[in-house]
Structure formats: C-alpha cells, structure tokens
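The structure appears below as structure tokens.
The values are calculated or read from the model by the stated rules, or taken from the named source; none is laboratory data. Quick caveat, the model's predicted, so the values are computed rather than measured. Here Cβ is always computed from backbone atoms with ideal geometry, including for glycine, and neighbour counts include all displayed protein chains.
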Amino acid sequence: MTKTPEQINEDLLRPVFQTSGRFLVAAFLLGAFVVAAFATFGYQVYNGIGTAGIRRPVYWGFYITNFVFWIGLSHAGTLISAILRLANATWRRPVTRCAEVITVFALSIGAMFPVIHLGRPWVAFWLIPYPGERGIWPNFRSPLVWDFFAINTYLIGSVAFLTLPILPDWALIRDKANGWRKKVYTVLALGWRGTPRQWHRLETAMHIMAIVIIPVAVSVHSIVSWDFAMAPVPMWHSTIFGPYFVAGAIFSGIAALIIAMALLRKFLHLEEYLLPIHFENLGKLLLTMSLLWFYFVFAERLTVWYGNETSEMAVFWLTQRGSYAPLFWAMLFCNFLIPVPILALKKLRTITGTAIASAFVVVGMWLERYLIIVPSLSRKYLPYSWGTYRPTWAEITITIGTFAGMALLYLLFSKAVPIISIWELKVGLHKKAIGRSPLSAVRGQLQPTTDNAQPTP
Amino acid sequence: MLKVIYGLYPDPDSAQRAVNSLRGAGIDPRDIAVVSSEPFEEYDFARRDAATPMPWLAALGGVVGGVSGFLLASLTQRAYPIPTGGMAIVSLWPDGIITYELTMLGAILTSLLTLLLTARLPNWRIQLYDPAVSDGKILIGVVNPPQDLRVELEKRLHGAGGTEIKEFALR
Amino acid sequence: MAHNWGMVIDLDRCTGCQACVVACRAENNISTVGEQQSAKGRAKHWIRVERYYEGEFPDVKVKFIPVLCQQCDAAPCEPVCPTYASYHTAEGLNGQVYNRCVGTRYCANACPYNVRFFNFYNPVWEKPLHLQLNPDVSVREVGVMEKCTFCAQRIKAAEIQAKAEKRELKDGDFTTACAQACPTRAIVFGDLNQPESKVSRLARSNRGVRLLGELGTLPKVTYLERDSWHDENA
C-alpha cells in the first residue's frame, strides 16, 4: 500500500489536531517537575547561592555539569540535519526535524545554567556587550564571554535552521485547520504558498545554513570545553579538551536523538515513518562515536599517567581508584562497555537495542561531565585546601526539572508542529529523481535507500 | 486586477505536460503560475527562478559580521584598557574567537533576511492559492489570460490531465 | 616611579600563631560563617596558615606556611573574569572590584593557591560584633568573590596622606594588617620598586622561594626558608 500525500498528511498531522488524555497527563506531570525547579531557583536567588552544594575549592558542581551536558546534547541536530543534508543521505528525511528540535531546546536549557549558577544572577546581563553608563564592556579575553557569543550564535542559527523548513508545514496546517487554529497558523505560515521561487530560496537558505551551522557547532562546544582548559587546574589544562568535548557532544546528541525517535515512534504511532533502518543507521553512528569517545579518554589518561606529574596524578588516581572510582567505572560501562556490543552486533542493533544503548550513553555522558569538573577541583595544587563536593536538594531538583522540561518542550512542540517534516518526506518519495535516490514506494512501506543515481523507473 | 485560470494536477508529470501545452499556445513563461506543496527541482516547470545571489550575500554578511566582531573587541578594549593576567590589551587569539562567532552570525542573519525579503515573506494578503495544493495537487495557471484564448487555454489545461479548472480573481 | 607592592614571609620565623589571620579578619570586615557552613568548606580566610606534618611520632615536624593572595603578575584569575572584576592594577596588585562581580566563580577555580573566597550567603555580624566593623572597608554581599587586597585601603590612605603632606611615600610609613600583627615580624610588606626597601632586600635573599612558581603565575610573595620542605620550584 503506497502512501498517498493525503495519507501522509493525515498520519503526521494527527498529533497536531488530536489531543489524547495521555498527552495531558504527561504534560501535567512534567510541568509539575518544571514548576518545582523554577520554585527552587527562586528560593536559591532569595536565600543565596549557598543553597547549592558548591564550596571551596569545588566552586562548580551540578549546575555547570548540566550546562556542559545540555549544550553537548544540542549537537544532535547539527550532525544529523546539516551533515547528512550536505552528504545527500536521503534516509535522514524523517529524522531531521526531531533532531533539530532537540538542538533548539537542549541549547535553550543549557543556556539557562550560566544564569542559574551565578552568585548574583540579577546582574547576569553584564555579559551582554552594550554601551552602558559604567563605560565598561565585557572582558573578551574571558572564555565565559566567548560562551556568550558562541551559544547565542548557535541558538539563533539553530532556531533559523529549525523554523525555516517548518513554514511549508505550517501552511499545510493552515489549510487543514478550522477556527482558532486556522487563525494562528495563518499568521505563523507568513503567507507561504509554494511558488518555485519560494521553494528555491528556501532550499538555498537551508543549504547555506547547513554549511554555516556545522563550524558553529564545533566552535560552541570547543569554547565550552575551554571554560575548563584555560584554567591551570590539574587535568583541566589539556589541549585535547576542544576535540574531546566536541566528539562527546555529538556522541550524546545522537543518543538523545535515538531515544526521542523511539519514544515518538511509540506514542505518535509513526511505525511506518521511523523505520528500523533509521535506528540501524543512527546506531552505527553511535557505535562510531562510542569508539571515538573511548579513544579520546584513553589518549588523555595515557598522557597524564605517563607524564606522572604530581598534581595531575592525584586527580588521576582519585577517579580511577579513589572515591570517584565507582562513578568512573560506571561511566565506562555506560559509554563504552555496554553500548559497543549492542551496537556492533546486527542482531542487537534493533530499535529497542539502540534505544537501550542510548539511554546508557546519556547517563554515561552526564557522569563524564561531572567527573571532568568535580574531581579536578577537589584536588588542586595545595593539599591543605582539598575538599569534597556534595550536591544538595536544590541542585538535584533543578537537574531533574531540566530533564522534565526538555521532555515537556518536546511534547508541546509535537503538538504544534508535525514532528516529521512533511514536505521533505514527500520530496524523498519523488519517483523521478536526478541526483537523488529514488524511494521505492511500491511494495509496502517507505523504504529509504542510500544508493544514488539510479535510473528512473 | 488579477485574474488567473488554473488547473489542479495530481502529479508532476501531468503538470509538466500542462506547462508544455501552455507554452505551445504561445503563453509567456512569466505568465504561467505554479504553486505546489513540495519543491520539484528535477522538473522543468519548477525550475523557473533566477539564480539567487544569496550565497554571495551570506558571505558578505559574514565579512561584515567578522569586521564588526573584531572592531567590537579591539575598540572597546582600547577604550577602557584593563590589564589582565599579563596579556596584551588587544589579544588576537581571544579576539579571533569573537570575530569568528560574529562572522558566522552575520552569514546566518543575512541568509535569513535575504530569504524573507526575496521570497516576499511575510505576506498575509490574499494571493493566488488553492487549498487543494495541500493535498498534493499542483496548481498550473495562466495569469491574466487574453480573452480570446480562454477557451483554448481551458481545453489545454484540461487535456493535460487537470482535474479541476478554476478561476481566481483578485480585485 | 609607580609602586609595585610585594611581600616577603620568613618561614623560619613563622610560629603558626595565626595572629595574622585574626588581624586580617578584623581589618577587612571578613565575616564568620558559622559552624555548619565552615564544615561545608565555606569559611573565609584571606590569609590562612597551612600546616603540614612530616615524620612519624615522636619525630614529628610541623611546617607552617601563611598563604594569601600572591598578587601574581601573570595571574590566571584575571583573564577569566567576564566582567573585569579581577584585574591588574597599575601598582602591581590583583584588584577585586566587588561591584563588578557577578559571581561566576571562574577566578576561584583558576587560582592555583585557592586564595579566593566566595560569599555564599549575605554576611552576618551578630550584635555586638557589628561594632568591630572597619569603616574604611566595604562589606561584600552574597554572590561576590573576595580575597586579600594587600590592605588596599591602607595603601590608599597612606598615598593620600603623603600627597597631602607633599612628600614621597617612605618604606615603613604603613604596612598591612597581617604584617603589623605578626609577633615575630615574619611578614614584611613594601614597595618592590624601591631597591632599598626592606621587602626588596629580603626578596633578594638566597633563602627566597616562590610558592608554585613552576606554574608561571609570577607571584609577588617571596617565602624565605633555610631548608626546602617541598618540591623544588623557582
């Protein structure tokens, strides 16, 4: 049974037009956690940053872990959308929007943490370069100011990259909707019609953005890593941090994407659109990133161990054998020892398999960020000042709140916008394709192929 | 006063036949209107846009952004010079990062702006459109057809496989 | 010629009595944080006396080293502050501008000497301790980083006094609170740009070492010690 455009419309617009009870329950529960997190932040601002567990010498803890983690997760969209778009890999079509949404929301959440962790968040705006009566500008030599520029550039780019291809789908909803929905989507669609000129301009803009957003994403997580690498702290001041963090970001991003796709497939009944081949391909990418991540960790630790520098070895043994050893080995299990067999064996590289591996990776990558930040700070150069960090209820609540917030944002997004890019999917089904893979829509489901340049049927 | 007679076509092949047929009747390509719910870059009827200078404009926007970034960093640091860590007041490595980020931002914003301006968005006024396009139909029409050719054009539109022939008028 | 403030601490004279710690607290309005917060590692000691034990009982030796802000010439805490709250003054000090501090705590992480202290809550002086506040020094609010300033208020007061009296600042006109309180005169403060000042002469001593000098921070505190009790450094 071939999918006609009307059927595709109906399938993919159903979540937009119909709201199930399950949706409302989920939104309510997630919303409750988010409200709790906001209330906690308010409490923290009112009472003082001491509500969190940070202390001398571990002045950064959960909040900065979350900051790096969420910014890292945001590299999902870029890889899938931009790189696969430029590589003309057609299997990406149902997946691009899911990925781009993760980027925008993860970035927004991550960008909140520099404000959450501040001692005086009410003056956070001093990092914005504006001419003020104080006559002073931000310190452009500070990695935190680089963060400001990089994250904002990436956020603006990602929002553009996400919302531009949504315009035609909003026009679609506008045509199908009635009542208040029609009014809202008429405004949102900006009067989009679909003339050849508009399509051409849209695709050119997306092509340019795909080219530009990739180096931006690389720079963003490099700059975040330099928040650590620029300080003379044992096992922070390492040249490997830039590439290491970017690889880790892409790694966690793909894992998050697989989880999001698995959940969407189940709850929005997208079994005929998000196919096992998609999970297979992403699973192979995840496997590659897991191996790459392990290579970076190995290279870094080998260099430290071999160099045998006193202060660095204190941190090295603390993570490998000392009080942080349980977390360290858990991280290795979650990021490498469990995912690699699952993803390497074709029999296990199913939708469930890749989703399980991805869940482990997400946990493992969170642990990795924590283990980079906290052990180094707790064992700096002067042993008299060593100290142990313990998170408080405030940090834990806010952390849980951000995970709930991500899920909630995703949930709300899938209600406002079709989570699979409808027009891009339809383009992939074109029978006659010059320089594109034809998709066989003949026997059964949509079967994306990756071989190019096949003659027209 | 805009008047368009158009047909709705179920697939791109019939749409292409319609366009060919209209051209055969002597209609200027600029008077042929096409509206579709997906791009059909591989078909001739959809390849009617002039080459866009968007990539060049994006590159230009990047240059402007980059220069702005460098000026922002160097001029402000010189206006209120505050020494830190033994580094130069205008240190090129960090200023390079700011320059780079604003270069990319300039390219992104320029692309966005160019898209909106040249695609003439947003435009909420009534324009040539048919909701059937959302169901996958391709609209091929003739803008302001000469009165004496109307019957001939309707016949050609129908003959190419047009399921409905309609008229759109805008006063 | 501009001043270049520096310090020499003679470890062979230091008895570990912590009079410097107390004097510094009194001079600079450093609040106590209470038992619970201290246990959490949030106590503030702009100058602290580190104790290191060597050997086994009964041949135990204790080494004392007072550690305070080294006012590094290549301070790692300065470039990382996004708001220029930490910067290098014209007189060679590492200045901490409380009003600019937004509380990112990056500077404290970057400092290898751990001499930066953060106000996790608004400081409290329970009555009647509020009467001991020094009117020449500000009180820092929650979320602001603070550290030793080489008693910048005393430096400023002495400079103003000398200018009013139309004379140059002489070595010994004033000193920091810690140097003033030290009973063995282990701490010496002065202008390194005056070659004949006490601090300059002592800094040239062959007993002089720098703490963590190998990191390249160019600290301006010279420690004098006869036997080297820690790893070789510059």
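Matching residues to (1) closer than 30 Å to A:Met206 by Cβ; (2) of a type in the set (A, V, I, L, M); (3) surrounded by fewer than 19 Cβ atoms within 10 Å (Cβ to Cβ):
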residue: A:Tyr43; (1), (2), (3): no, no, yes
residue: A:His75; (1), (2), (3): yes, no, no
residue: A:Ala82; (1), (2), (3): yes, yes, no
residue: A:Thr103; (1), (2), (3): yes, no, no
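I need the full set of residues from the range A:166-185 which are part of a loop (DSSP other than H, G, I, E, B) and more than 11 Å from chain B (Cβ to nearest Cβ), in order please. Across the range A:166-185, the qualifying residue is only A:Asn178.
The set of residues in the range A:89-118 being more than 17 Å from A:Asp147 (Cβ to Cβ) and more than 12 Å from the chain's Cα centre (by Cα) consists of A:Ala89, A:Thr90, A:Trp91, A:Arg92, A:Arg93, A:Pro94, A:Val95, A:Thr96, A:Arg97. For the range B:138-147, indicate whether the set of residues that are at the interface with chain A (Cβ under 7 Å from one of its Cβ atoms), free of Cβ contacts under 8 Å to residues at least 60 places away in the same chain and outside any helix (DSSP H, G or I) is non-empty. Scanning the range B:138-147 turns up no residue that is at the interface with chain A (Cβ under 7 Å from one of its Cβ atoms), free of Cβ contacts under 8 Å to residues at least 60 places away in the same chain and outside any helix (DSSP H, G or I). Residues that are facing another protein chain (nearest Cβ under 9 Å) and either farther than 28 Å from A:Tyr389 by Cα or assigned to a strand (DSSP E or B) (or both) within the range C:41-83 comprise C:Arg48, C:Glu50, C:Arg51, C:Tyr52, C:Ile65, C:Val67, C:Asp73, C:Ala74, listed in sequence order.
Take B:Thr99 and decide whether it is within 21 Å of A:Arg197 (Cβ to Cβ) and under 31 Å from the mean Cα position of the chain (by Cα). Write out each step before concluding.
Values: within 21 Å of A:Arg197 (Cβ to Cβ): no; under 31 Å from the mean Cα position of the chain (by Cα): yes.
No, not satisfied.
Report yes if B:Gly24 is touching a residue at least 60 places away in the same chain (Cβ under 8 Å) and not hydrophobic (A, V, I, L, M, F, W, C), otherwise no. Criteria met by B:Gly24. Looking across the range A:304-319 at every residue that is surrounded by fewer than 19 Cβ atoms within 10 Å (Cβ to Cβ) and touching a residue at least 12 places away in the same chain (Cβ under 8 Å), the one that is nearest to A:Ser358 (Cα to Cα) is identified as A:Val304.
Residue pairs whose Cβ atoms lie under 6 Å apart, sitting 6 or more positions apart in sequence or on different chains, and linking a residue in the range A:348-371 that is in contact (Cβ under 8 Å) with a residue 24 or more places away in the chain to a partner that is assigned to a helix (DSSP H, G or I) and of a type in the set (Ser, Thr, Tyr), are A:Met365/A:Ser252; A:Arg369/A:Thr65; A:Tyr370/A:Thr65; A:Leu371/A:Thr319. Looking across the range A:7-57, the residues that are more than 30 Å from C:Phe120 (Cα to Cα) and of a type in the set (S, T, N, Q) come down to A:Gln7, A:Asn9, A:Gln18, A:Thr19, A:Ser20.
In the range A:353-376, what residues are hydroxyl-bearing (Ser, Thr, Tyr) and either modelled with pLDDT under 95 or within 10 Å of A:Ile258 (Cα to Cα) (or both)?
Of the range A:353-376, the ones hydroxyl-bearing (Ser, Thr, Tyr) are A:354, A:358, A:370, A:376.
Across the range A:353-376, the qualifying residues are A:Thr354, A:Ser358.
Filtered by the rule that a residue be in a loop (DSSP other than H, G, I, E, B), more than 7 Å from every other protein chain (Cβ to nearest Cβ) and over 24 Å from A:Gly132 (Cβ atoms), the range B:56-111 gives a lone residue, B:Ala88.
Taken over the range C:27-51, the criterion of being loosely packed, with under 14 Cβ neighbours inside 10 Å and either within 29 Å of C:Asn193 (Cβ to Cβ) or in contact (Cβ under 8 Å) with a residue 60 or more places away in the chain (or both) is satisfied by no residue.
Do you know which residues across the range A:383-402 are hydrophobic (A, V, I, L, M, F, W, C) and buried (at least 21 other Cβ atoms within 10 Å of the Cβ)?
In the first step, residues of the range A:383-402 are kept if they are hydrophobic (A, V, I, L, M, F, W, C); the result is A:386, A:393-394, A:396, A:398, A:400.
Listed by number, the residues that qualify are A:Ala394, A:Ile398.
Picking from residues in the range B:14-70 that are basic (Lys, Arg) and modelled with pLDDT of 85 or more, the one that is surrounded by the fewest Cβ atoms within 10 Å (Cβ to Cβ) is B:Arg30.
Given the options C:Met1, C:Met7, name the one that is more than 24 Å from A:Gly387 (Cβ to Cβ), under 13 Å from the mean Cα position of the chain (by Cα) and in contact (Cβ under 8 Å) with a residue 24 or more places away in the chain.
Values: C:Met1 fails: under 13 Å from the mean Cα position of the chain (by Cα).
The unique qualifying residue is C:Met7.
The set of residues from the range A:362-418 being of a type in the set (Asp, Glu) and touching a Phe, Trp or Tyr at 6+ places or on another chain (Cβ under 6 Å) comprises just one member, A:Glu395.
Among the conditions (1) within 7 Å of chain B (Cβ to nearest Cβ); (2) over 30 Å from A:Ser290 (Cα atoms); (3) in contact with a Gly (Cβ under 8 Å, 6 or more places away or on another chain), the only one that A:Met209 does not satisfy is (2).
Where helices (runs of 4 or more DSSP H) fall entirely within the range A:270-382, those with at least 3 residues that are farther than 29 Å from A:Thr96 by Cα and not β-branched (Val, Ile, Thr) are at A:276-307, A:310-320, A:325-332, A:351-378. Condition first: at the interface with another protein chain (Cβ under 7 Å from one of its Cβ atoms) and part of a helix (DSSP H, G or I). Can you find one or more residues in the range B:121-132 that meet it? Scanning the range B:121-132 turns up at least one residue that is at the interface with another protein chain (Cβ under 7 Å from one of its Cβ atoms) and part of a helix (DSSP H, G or I). Across the range A:382-410, the number of residues qualifying as over 15 Å from the mean Cα position of the chain (by Cα), more than 10 Å from chain C (Cβ to nearest Cβ) and hydroxyl-bearing (Ser, Thr, Tyr) comes to 2.
In the range B:96-133, the qualifying residues are those that are in contact with a Phe, Trp or Tyr (Cβ under 6 Å, 6 or more places away or on another chain) and modelled with pLDDT of 95 or more, and the one that is nearest to B:Ala50 (Cα to Cα) is B:Glu101. Restricting the range A:117-142 to residues that are more than 7 Å from every other protein chain (Cβ to nearest Cβ) and of a type outside the set (A, V, I, L, M, F, W, C), the residue that is surrounded by the most Cβ atoms within 10 Å (Cβ to Cβ) is A:His117.
With respect to the stated conditions, A:Val145 is at pLDDT 95 or above and either more than 10 Å from chain C (Cβ to nearest Cβ) or under 23 Å from A:Ile213 (Cα atoms) (or both).
The lone criterion from (1) facing chain A (nearest Cβ under 7 Å); (2) free of Cβ contacts under 8 Å to residues at least 24 places away in the same chain left unmet by C:Tyr106 is number (2).
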